[in-house]
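*Asks:* Here it is: the structure, laid out below.
The values are calculated or read from the model by the stated rules, or taken from the named source; none is laboratory data. As the structure is a prediction and not an experimental result, all values here were calculated from the model. Heads up, the Cβs are rebuilt from the backbone with ideal geometry, glycines too, and the neighbour counts pull from every protein chain shown.
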Amino acid sequence: MAHLTSRSAYQNLVERLNRFPQGAPPSELLDKILQLLFTEKEAQLVALLPIKPFRAAAAARLWKLPLAESRAILDRLADKGIVLDVDKNGEPVYTMPPPMAGFFEFSMMRVRTDVDQKVLAELFYQYLNVEEEFIKALFTDGQTQLGRTFVHEPALSPEISLHVLEYERASEVIRSARFRAVGVCYCRHKMQHLGKACDAPLDICLTVNGPAESLIKHNVARAIDVQEGLDLLQQAWDHKLVQFGENVRESVGFICNCCGCCCEAMLAAKRFGALHPVHTTNYIPEIAESKCTGCGKCVEVCPVEAMALVSAGDPLRKKKKKARLEEEICLGCGVCVRACPEESLQLKARVSRVITPLNSTHRAVIMAVERGKLQNLIFDQRALQSHRAMAAILGVLLKAPPLKQAIASRQIKSRYFEWLISRRKN
């Protein structure tokens with residue numbers, strides 16, 4: 001009986017995780033990961049939490065527990081990096097983050113003894129890097145993705161720099177953030193336990209704004225000031241790392257500094273190619289073939305293998321090579337531009353600008369629409385029978401081709417929809 005009860009608790013937790021647009025496909029490996037991160041009791045309680053932000057009183061009602069006890073449980077969960085809490089008018093507002101970017105990363109953003117991180121790293125590697133279901137669901141379902149690439153600022157020419165907007169620069173995100181924190185890079189920490197990590201910096205995973213506020217409070221990450229944040233960014237640039245951050249224009253929550261050998265997003269980009277698991281920048285390298293010597297420096301630093309060397313077609317020097325860019329794969333980060341010793345590369349604007357959601361609410365709605373999960377955001381109190389029933393009905397209706405096509409149109413990404421989100425926020 002105890003075994004069945006335990007299995008039910010974790011199955012309910014998996015079902016809860018998959019109501020959010022960024023879910024986690026069921027798997028024996030996922031069960032093992034969750035059993036390491038959550039006690040059975042925690043799994044039972046977390047499975048009842050809303051998708052949208054909530055206060056302790058809401059959790060107490062759902063759990064049928066006293067308010068003080070509910071607050072204590074939520075604080076313990078926040079200490080473990082399972083929930084985030086942000087102060088609003090003197091009272092914490094809690095959010096249950098998705099697995100990624102979320103509590104998977106938080107579990108490895110510091111060295112801890114309450115969890116066997118080597119075992120956890122091995123499970124993460126199998127679930128994310130060997131099995132394909134999770135990564136495909138995370139990075140290739142729908143058109144709107146979790147993250148976007150920031151432009152490599154040292155590669156910007158004075159001309160193109162005038163056109164790069166503030167939200168496209170990682171440095172501006174750091175300068176304007178309310179909170180800033182640094183932790184251990186989840187990806188390289190995981191690979192370190194497996195003996196596969198590269199020599200890129202480890203203490204360089206940046207969180208900002210709301211997530212940083214919570215992670216600092218619960219000692220998951222360390223608070224930093226603007227200057228240290230910019231110094232870490234310079235360190236990332238010097239190591240030719242790519243900045244991959246939250247796909248929003250306002251209140252960005254994280255900035256990862258990614259290598260092509262350890263980073264989940266970069267590895268997924270190479271596995272799935274032109275599907276773009278990470279949104280590109282609005283720029284792309286342009287090759288001046290007359291200057292290119294075929295040295296291969298751009299090929300070496302490209303994190304997604306978008307650069308290659310091909311024959312230069314010189315009849316007098318048949319072994320001569322030149323660089324060629326696969327535009328459909330390119331992230332537009334610009335790391336290759338700075339690496340070129342002949343200055344034969346420069347960034348230019350893409351023909352069509354990439355649409356970046358206004359904020360996390362806007363992105364969550366778009367992702368829910370594209371992935372057929374809008375009903376889960378509308379009817380969020382799944383502990384109520386009425387919400388479960390209405391979510392099921394709406395889910396069926398939204399799968400009807402005419403309605404699905406209409407609601408998934410570009411209007412959901414329009415300025416009008418952004419205005420509605422902003423108006424509700426204000």
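*Asks:* Given (1) of a type outside the set (K, R); (2) closer than 18 Å to Q234 by Cβ; (3) at pLDDT below 95, identify the lone condition not met by V182.
*Replies:* V182 satisfies every listed condition except (3).
*Asks:* On the phi > 0 side of the Ramachandran plot and modelled with pLDDT of 95 or more, is that true of G142?
*Replies:* no
*Asks:* Could you give every pair whose Cβ atoms fall below 7 Å, whose first residue belongs to the stretch 17-42 and is closer than 23 Å to T361 by Cα and not assigned by TED's automatic domain parsing to the domain that holds G142, and whose second residue is part of a loop (DSSP other than H, G, I, E, B) and of a type in the set (G, A, S), counting only separations of at least 6 or pairs across chains?
*Replies:* Partner pairs satisfying both residue conditions: L17/G23; L17/A24; N18/A24.
*Asks:* For the stretch 79-99, give me each residue that is in contact with a helix residue (DSSP H, G or I) (Cβ under 6 Å, 6 or more places away or on another chain), more than 14 Å from A43 (Cα to Cα) and hydrophobic (A, V, I, L, M, F, W, C).
*Replies:* Scanning the stretch 79-99 gives L84, V86.
*Asks:* Looking only at residues that are of a type in the set (S, T, Y) and at pLDDT 95 or above in the stretch 256-292, which one is surrounded by the fewest Cβ atoms within 10 Å (Cβ to Cβ)?
*Replies:* T281
*Asks:* Looking only at the stretch 79-94, count every residue that is more than 16 Å from the chain's Cα centre (by Cα) and assigned to a strand (DSSP E or B) and tell me the total.
*Replies:* 8
*Asks:* Given the criterion of a type outside the set (S, T, Y), in a loop (DSSP other than H, G, I, E, B) and on the phi < 0 side of the Ramachandran plot, identify the matching residue among E305, E327, E286.
*Replies:* When all the criteria are applied, what remains is E327.
*Asks:* Could you list all residues from the stretch 338-376 that are more than 30 Å from P25 (Cβ to Cβ) and among the acidic types (D, E)?
*Replies:* E342, E343
*Asks:* Something else: Restricting to the stretch 154-177, name every residue that is among the small types (G, A, S) and not in a loop (DSSP other than H, G, I, E, B).
*Replies:* Residues satisfying the conditions are A155, S161, A170, S171, S176.
Here's the yes/no breakdown for (1) buried (at least 17 other Cβ atoms within 10 Å of the Cβ); (2) of a type in the set (A, V, I, L, M); (3) assigned to a helix (DSSP H, G or I); (4) at pLDDT 95 or above:
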residue	(1), (2), (3), (4)
L45	yes, yes, yes, yes
P50	yes, no, no, no
A60	yes, yes, yes, yes
L65	no, yes, no, yes
E69	no, no, yes, yes
M100	yes, yes, yes, no
R112	no, no, no, no
I135	yes, yes, yes, no
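*Asks:* Out of curiosity, is K348 of a type outside the set (D, E), farther than 24 Å from R271 by Cα, surrounded by fewer than 22 Cβ atoms within 10 Å (Cβ to Cβ) and touching a Ser or Thr at 6+ places or on another chain (Cβ under 8 Å)?
*Replies:* The answer is no for K348.
*Asks:* Right, here's the next one. Regarding C336, is this residue part of a helix (DSSP H, G or I) and not hydroxyl-bearing (S, T, Y)?
*Replies:* yes
*Asks:* With respect to V252, is the statement that it is assigned by TED's automatic domain parsing to the domain that holds T140, in contact with a Gly (Cβ under 6 Å, 6 or more places away or on another chain) and surrounded by 22 or more Cβ atoms within 10 Å (Cβ to Cβ) true?
*Replies:* For V252, the condition - assigned by TED's automatic domain parsing to the domain that holds T140, in contact with a Gly (Cβ under 6 Å, 6 or more places away or on another chain) and surrounded by 22 or more Cβ atoms within 10 Å (Cβ to Cβ) - is met.
*Asks:* Turning to a different aspect of this structure: Just the residues that are closer than 14 Å to H189 by Cβ and within 16 Å of the chain's Cα centre (by Cα), please, taken from the stretch 95-123.
*Replies:* Answer for the stretch 95-123, where residues must be closer than 14 Å to H189 by Cβ and within 16 Å of the chain's Cα centre (by Cα): F104, E105, F106, S107, M108, M109.
*Asks:* Are any of the residues in the stretch 292-315 of a type in the set (D, E), closer than 19 Å to H239 by Cβ and within 27 Å of the chain's Cα centre (by Cα)?
*Replies:* Yes, because at least one residue in the stretch 292-315 is of a type in the set (D, E), closer than 19 Å to H239 by Cβ and within 27 Å of the chain's Cα centre (by Cα).
*Asks:* Quick check: is even one residue across the stretch 218-227 at positive phi and surrounded by fewer than 19 Cβ atoms within 10 Å (Cβ to Cβ)?
*Replies:* Yes, the stretch 218-227 contains at least one residue that is at positive phi and surrounded by fewer than 19 Cβ atoms within 10 Å (Cβ to Cβ).
*Asks:* Just to verify a result, which residue in the stretch 148-166, among those that are surrounded by 22 or more Cβ atoms within 10 Å (Cβ to Cβ) and among the hydrophobic types (A, V, I, L, M, F, W, C), is modelled with the lowest pLDDT?
*Replies:* The qualifying residue modelled with the lowest pLDDT is A155.
*Asks:* If I ask for residues that are within 16 Å of the chain's Cα centre (by Cα), in a loop (DSSP other than H, G, I, E, B) and either over 17 Å from V252 (Cβ atoms) or free of Cβ contacts under 8 Å to residues at least 24 places away in the same chain (or both), which ones from the stretch 180-238 would you list?
*Replies:* V184, C185
*Asks:* Listed residues F134, F124, F103, F139; which is in contact (Cβ under 8 Å) with a residue 24 or more places away in the chain, within 30 Å of C333 (Cβ to Cβ) and touching a Lys or Arg at 6+ places or on another chain (Cβ under 7 Å)?
*Replies:* Testing whether each residue is in contact (Cβ under 8 Å) with a residue 24 or more places away in the chain, within 30 Å of C333 (Cβ to Cβ) and touching a Lys or Arg at 6+ places or on another chain (Cβ under 7 Å) leaves just F124.
*Asks:* Return the pair list, or none, for Cβ contacts closer than 7 Å from residues in the stretch 147-160 that are more than 15 Å from V337 (Cα to Cα) to residues that are part of a strand (DSSP E or B) and among the acidic types (D, E), at least 6 apart or on different chains.
*Replies:* Cβ pairs passing all conditions: G147/E246.
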